[in-house]
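Below is one structure, written out as structure tokens, with a few remarks after it.
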Amino acid sequence: GDILDDYLRTDGVWILTRNKQFYTTNNEKECAEKCEAERNFNCRAFLFTRKKLQCLTLAENAKMTVTFDSTDAILYEKKIYLLQCKRGIGKDYRGMEAKTQRGIPCQKWSEKTPHNPNYTPEKHPDAGLDENYCRNPDGDESGPWCYTTDPATRFDYCNIPECESQCMQCNGEDYHGEVSRTESGLECQHWDAQEPHMHGFTLKHFPEKDLKMNYCRNPDGELRPWCFTTSPTKRWEYCNIPRCTTHVPVSGLGSQCLSGKGEDYQGRIAITESGNACQHWNTQFPHRHGWIPDRYPCKGLEENYCRNPDGEKKPWCYTTNNSVRWEYCAIPHCDGTEQGIAGMTVPTQVPLPEECYRGKGQSYRGTTSITASGKKCQAWNSMFPHRHEKTPDRFPNADLRDNYCRNPDGDSSPWCFTTDPTTTWEYCSLKRCDDHIQE
């Protein structure tokens, strides 16, 4: 990968440091190479000035010293020195924790009192043994440690948290790590950029999805984190994020009644509101689908229980009825009221009699969200299971709300993208109005 991938870039910032070296370089990569090769001190960061092409390697980073604005400067800080957590046994931990798990201050690695150390900066120059920071120079299975300033305790381990953000739980919806390359090695496109690929995943429209820099994320419920790539020939690709070793338990956490959209519902109702039995999630008969339990380990897709894995209006399931692909379920509300009892409500997937369109249906503003073959519509602001360009911000006058059938592009009638991974789009289950009858 690119040498600069190991650094966090900040434009327009200068830091004050006593320990530095000046070099003349042509670009940031050459300056990074000087930092990697620095032998006068542990190089934690470097400054590069565009006009003078000046390179300063630094012993300190922004966490350790004073910063101020400087228009022409770019600060690159080694990510490894910014992490305050450990990965695995923490052999590469370079954070600034300097006390043991019992709160005893650490002895400096270069000092000989109160303990004469076996591990010193001279003997182990690549182990990061600077100051009195906790380190793991010997690959101890229990993690970073240090010699202590207590004469009665030669050494002790440090309490360094695990970098859970560097791995993913479930499908990585909560992944906040800094991986910015795809599984094939392509660099990720910045989320706030529209080149080389235009898209609707902006911080403005998805403020809660942490779409920072060009880090891999999963804002739309994909199988795992992904990003748009900087390659014009590859629109997007998954990222290679390891699964966390500690798992979030699914069973028992959910609600047994309906609150909100019922996304946390974990009850055992397995019949739809019209009385159809639910199809088991781990089977593909009578209806083929993409909601396979192994792929979505935290969605609670157990047995044939009603669930809401995709942010629908309420829990639903595929049915065992050949002619009805899926239906909503009647789940009791948590406030005690019964919701959607069969026979008292019109099934959502059947258009109401007055649901019809005129002309090509570009003015249609109804709430039908089912295709002609009975498939559920994908929400317009979602990119799962199908990525597309028909987003609400691109077509502000088309009323692309929720997953309602619309005709934003002047097709022959209202349509939608479907939630079936094998069918990109279909026309909707709508009839043309009798144009002779006045509205």
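Of all the strands (runs of 3 or more DSSP E) wholly in segment 1-116, which have at least 3 residues that are outside the structural domain of W145 (by the TED database) and in contact (Cβ under 8 Å) with a residue 40 or more places away in the chain? It would help to see each step written out before you state the result.
On the way: elements: 7-15, 20-24, 45-49, 54-58, 67-78.
Strands (runs of 3 or more DSSP E) meeting the threshold: 7-15, 67-78.
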**Fill in**
Counted residues in segment 1-20 being more than 33 Å from the chain's Cα centre (by Cα) and open to solvent by less than 60 Å² (accessible area, probe 1.4 Å) come to 1
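I'm checking my understanding of the structure. Among residues of segment 386-397 that are out of contact with any strand residue (DSSP E or B) (no Cβ under 8 Å at 6 or more places or on another chain) and open to solvent by 30 Å² or more (accessible area, probe 1.4 Å), which one is nearest to W425 (Cα to Cα)?
First pass over segment 386-397, keeping only residues out of contact with any strand residue (DSSP E or B) (no Cβ under 8 Å at 6 or more places or on another chain): 389, 391-397.
Subset that is open to solvent by 30 Å² or more (accessible area, probe 1.4 Å): 389, 392-397.
Working: E389: 13, P392: 17, D393: 20, R394: 18, F395: 18, P396: 20, N397: 21 Å.
The selected residue is E389.
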**Complete:** G359 meets each of (1) surrounded by 14 or more Cβ atoms within 10 Å (Cβ to Cβ); (2) more than 28 Å from the chain's Cα centre (by Cα) with one exception, condition (1)
**Request:** Of all residues in segment 395-439, count the ones that are at pLDDT below 85 and within 15 Å of T367 (Cβ to Cβ).
**Result:** 0
**segment 131-157, residues that are under 39 Å from the mean Cα position of the chain (by Cα), assigned to a loop (DSSP other than H, G, I, E, B) and crowded, with 17+ Cβ neighbours inside 10 Å** = N132, Y133, C134, N136, P137, G143, P144
**Message:** With the requirement that a residue be of a type in the set (S, T, N, Q) and open to solvent by 100 Å² or more (accessible area, probe 1.4 Å), what does segment 32-48 give you?
**Reply:** N40
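Among the listed residues K63, K29, K51, identify the single one that is open to solvent by 60 Å² or more (accessible area, probe 1.4 Å), closer than 21 Å to M96 by Cβ and not β-branched (V, I, T).
K63 is the lone residue from the list that is open to solvent by 60 Å² or more (accessible area, probe 1.4 Å), closer than 21 Å to M96 by Cβ and not β-branched (V, I, T).
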**Fill in**
Checked pairs for segment 217-238, first among the aliphatic types (A, V, I, L, M) and modelled with pLDDT under 90, second open to solvent by 10 Å² or more (accessible area, probe 1.4 Å) and not in a loop (DSSP other than H, G, I, E, B), C-beta under 8 Å and 6 or more apart or across chains, list as L223/Y238
**Request:** Look at segment 43-78 and say how many of its residues are closer than 22 Å to A127 by Cα and at pLDDT below 85.
**Result:** 3
**Request:** Give the residues of segment 74-85 that are surrounded by fewer than 21 Cβ atoms within 10 Å (Cβ to Cβ) and of a type in the set (A, V, I, L, M), sorted by residue number.
**Result:** I74, I80, L82, L83
**Asked** Can you name the residue in segment 247-272 that is modelled with pLDDT of 85 or more and in contact with a Ser or Thr (Cβ under 7 Å, 6 or more places away or on another chain) and, of all such residues, is surrounded by the fewest Cβ atoms within 10 Å (Cβ to Cβ)?
**Response** Q266
**Message:** Testing N116 on (1) under 19 Å from R44 (Cα atoms); (2) open to solvent by 40 Å² or more (accessible area, probe 1.4 Å), one condition comes back false. Which one is that?
**Reply:** (1)
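Out of the residues in segment 363-380 that are among the polar types (S, T, N, Q) and buried (at least 18 other Cβ atoms within 10 Å of the Cβ), state the one that is nearest to R235 (Cα to Cα).
Of all residues in segment 363-380, those among the polar types (S, T, N, Q) come to 363, 367-369, 371, 373, 378.
Then drop every residue that is not buried (at least 18 other Cβ atoms within 10 Å of the Cβ), which leaves 368-369, 371, 378.
Numbers: T368: 31, S369: 28, T371: 27, Q378: 20 Å.
Looking at the filtered set, the residue picked out is Q378.
Hey, can you tell me all the residues within segment 86-112 that are small (G, A, S) and open to solvent by 30 Å² or more (accessible area, probe 1.4 Å)?
We begin by selecting, within segment 86-112, every residue small (G, A, S); these are 88, 90, 95, 98, 103, 110.
Once the filter is applied, which keeps residues that are small (G, A, S) and open to solvent by 30 Å² or more (accessible area, probe 1.4 Å), segment 86-112 yields G88, G103, S110.
Could you please let me know if D220 is over 20 Å from R87 (Cα atoms), within 16 Å of the chain's Cα centre (by Cα) and open to solvent by less than 60 Å² (accessible area, probe 1.4 Å)?
Details: over 20 Å from R87 (Cα atoms): yes; within 16 Å of the chain's Cα centre (by Cα): yes; open to solvent by less than 60 Å² (accessible area, probe 1.4 Å): yes.
Here the answer is yes, as D220 does meet what is asked.
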**Request:** Within segment 398-431, count every residue that is among the charged types (D, E, K, R), open to solvent by 30 Å² or more (accessible area, probe 1.4 Å) and not in a loop (DSSP other than H, G, I, E, B).
**Result:** 2
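The values are calculated or read from the model by the stated rules, or taken from the named source; none is laboratory data. This one's a predicted model, so the numbers in the text were calculated from it and none came from an experiment. When we count neighbours, we look across all protein chains shown, and the Cβ atoms used for this are built from the backbone with ideal geometry, even at glycine. All accessible areas refer to the heavy atoms of the entire protein, side chains included, with ligands and DNA or RNA removed. Shrake-Rupley method; radii C 1.70, N 1.55, O 1.52, S 1.80 Å.
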